Amino acid sequence: MENLNRKTVAILATNGFEESELREPKKALEDAGADVHIVSLEKGEIKAWDNGNWSNNYKVDKTLSEVSQKDYNALMLPGGVINPDTLRQNDDAIDFIKSFFENHKPVGAICHAPWLLAEAGVLEGRKVTSYNSIKTDIENAGAKWYDEEVVCDSGLVTSRNPNDLPAFNSKLVEEVYEGKHEEQVA
């Protein structure tokens, strides 16, 4: 297993994130030795969504206004429908996401989270997957969409849904371990 000691990962989320898509990648990263921060729009707690209902609260470690991509080795974006739909309307959240791409740092996005990547304008020419209902949005943002459990393109790790979490978590840990990625050349 990769040793992620001295690696710090931000998980950007707000109310309505898919619980397993935050909890399980966070655990996988921590089990590999990473320090993981839940970053959100406001201090306090954010509420998970699970099986069509509100679920547990999760403590926010840092607010967006307190952090920069310079504080992190990688970014992870959980899905759910409410969470990315709220975050994609926030300019600071979109700028935070863009900054990881500008600095060639690994980014993981699962389920509906690639909506945030489309909003950030970082999908042009990339190979990705997502929840199937947003396939057209992802393709319209310039990505090549694949129906696979995990797709990795120059440090961008994407998966379709919670069933893909084992493959997603494994690839995300590997990409965080490897670190910075050079821009892909077409």
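The set of residues in the stretch 127-154 that are of a type in the set (Ser, Thr, Tyr) and out of contact with any His (no Cβ under 9 Å at 6 or more places or on another chain) comprises Thr129, Thr136, Tyr146.
Does Ser99 satisfy the criteria of being touching a residue at least 12 places away in the same chain (Cβ under 8 Å), part of a helix (DSSP H, G or I) and surrounded by fewer than 16 Cβ atoms within 10 Å (Cβ to Cβ)?
Details: touching a residue at least 12 places away in the same chain (Cβ under 8 Å): yes; part of a helix (DSSP H, G or I): yes; surrounded by fewer than 16 Cβ atoms within 10 Å (Cβ to Cβ): no.
Judged against the criteria, Ser99 is not a match.
So is Leu22 surrounded by 16 or more Cβ atoms within 10 Å (Cβ to Cβ) and part of a loop (DSSP other than H, G, I, E, B) or not? No.
Condition check ((1) within 26 Å of Asn51 (Cβ to Cβ); (2) within 13 Å of the chain's Cα centre (by Cα)) across all residues:
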| residue | (1), (2) |
| --- | --- |
| Leu87 | yes, yes |
| Asn103 | no, no |
| Ser130 | yes, yes |
| Asp137 | yes, no |
| Gly142 | no, no |
| Tyr146 | no, no |
| Gly155 | no, yes |
| Glu178 | no, no |
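Scanning the stretch 63-90 for residues that are in a loop (DSSP other than H, G, I, E, B), polar (S, T, N, Q) and buried (at least 17 other Cβ atoms within 10 Å of the Cβ) returns a single hit, Asn73. Kindly evaluate Ala167 against the criterion of being of a type in the set (A, V, I, L, M, F, W, C), closer than 22 Å to Asn51 by Cα, assigned to a helix (DSSP H, G or I) and at pLDDT 95 or above. Taking the combined requirement at face value, the residue satisfies it. The residue pairs whose first member lies in the stretch 28-56 and is on the phi > 0 side of the Ramachandran plot and part of a loop (DSSP other than H, G, I, E, B), whose second member is among the small types (Gly, Ala, Ser) and surrounded by 16 or more Cβ atoms within 10 Å (Cβ to Cβ), and whose beta carbons are closer than 6 Å, counting only pairs six or more residues apart or on different chains, do not exist in this structure. Quickly run through the stretch 102-136 and pick out the residues that are assigned to a loop (DSSP other than H, G, I, E, B) and either closer than 13 Å to Thr158 by Cβ or of a type in the set (A, V, I, L, M) (or both). Answer for the stretch 102-136, where residues must be assigned to a loop (DSSP other than H, G, I, E, B) and either closer than 13 Å to Thr158 by Cβ or of a type in the set (A, V, I, L, M) (or both): Pro106, Cys111, His112, Ala113, Val122, Leu123, Arg126, Thr129, Ser130, Tyr131.
Residues to consider are Phe96, Phe100; find the one that is at pLDDT 95 or above and closer than 22 Å to Gly33 by Cα.
Numbers: Phe96 fails: closer than 22 Å to Gly33 by Cα.
Only one candidate passes the filter, namely Phe100.
Scanning the stretch 137-157 for residues that are among the charged types (D, E, K, R) and touching a Lys or Arg at 6+ places or on another chain (Cβ under 7 Å) yields Lys144, Glu149, Asp153.
The values are calculated or read from the model by the stated rules, or taken from the named source; none is laboratory data. Quantities reported herein were computed from a predicted structural model and do not represent experimental measurements. Glycine also receives a Cβ, built like all others from the backbone with ideal geometry; neighbour counts cover every protein chain displayed.
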